[in-house]
Every structure is written in C-alpha cells, then in structure tokens.
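Here is the structure we will look at.
Any read-out appearing in this document is the output of simple, stated calculations on the displayed coordinates, not a laboratory observation. Predicted, not measured: the structure shown is a model, and the values here were computed from it.
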Amino acid sequence: MSEPKRGELFWIDWSPGRGSEQQGRRPALIVQTDSANTNPRYPNTIVVAVSTKGRPVPFHIALEPTAQSGLSELSYAKCEQLMTISKERLGEKIGQITPEEQTAVDTALRLTLTLNEYRG
C-alpha cells in the first residue's frame, strides 16, 4: 500500500463514478494530513480531483505543468470535489505541487467547507 504525503499527485481510477463525479484514470491531489497518511492502521486518505478543465472560480486552483508536478499540461485542483478513498486506489505517483499551490489549495478548501474562524 502506498504511503502518500500531503501535496503529492497520484493516478487514481475514479470509476465507477456517479452523475458528474470524475470517472476513469485521472490525477488526484492528496490533501489529508501526513500523520493520518503515514498511520499504518488508517487505510484511507483524502484527495481532491485534478482535471485539465477548470473554471474561473475560487475552488479551482491552477497547477502548473513542471518536472516537479509531473503534469503534462495546465491542470486544476477541483477543491469542491473532495473524496475519502482507500490508499489501495492509489496508482503511480505523478509528482508534487509547490508550496504556493498548496497554500492556494488550502484556502480553496477552507472556502469550500466554510471553515472560517469561530466568532462565538
């Protein structure tokens, strides 16, 4: 079983998808904390879908095609498409996003999940 790290990109077989969910073999970005990713007793991880199709919305974060990312074309982390999957679904590691991209993804996840500061 793979031991993914936050910010890494992996190939995942999303099938079978339902409705407008991702389907087929596509990249995914690991967004779960590394303490859970490396826990041998926790078999799952949390990912967001990555696609070459994005929209100008705050939930779609552009990921540049670089040697580090392993992406072959401009792609988008679709932070509204968040899913918990078995680590057994993880295929080949593609690469890793930059710290700046990770910060943008973190902001988009907070917006998607409305995780704002508690104001009592």
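Close Lys pairs in the chain, defined as Cα atoms under 19 Å apart and 8 or more places apart or on different chains, number 5. Let me have the relative contact order for the chain, percent, based on Cα pairs under 8 Å that are six or more residues apart. Here the relative contact order equals 28 percent.
Note the full-extension length gain between GLU100 and TYR42 as 0.36 nm times their separation in residues minus their Cα-Cα distance, in nm to one decimal. Intermediate values should be presented prior to the final figure.
Numbers: separation 58, 0.36 × 58 = 20.88 nm, distance 2.83 nm.
Gain on extension, GLU100 to TYR42, equals 18.1 nm.
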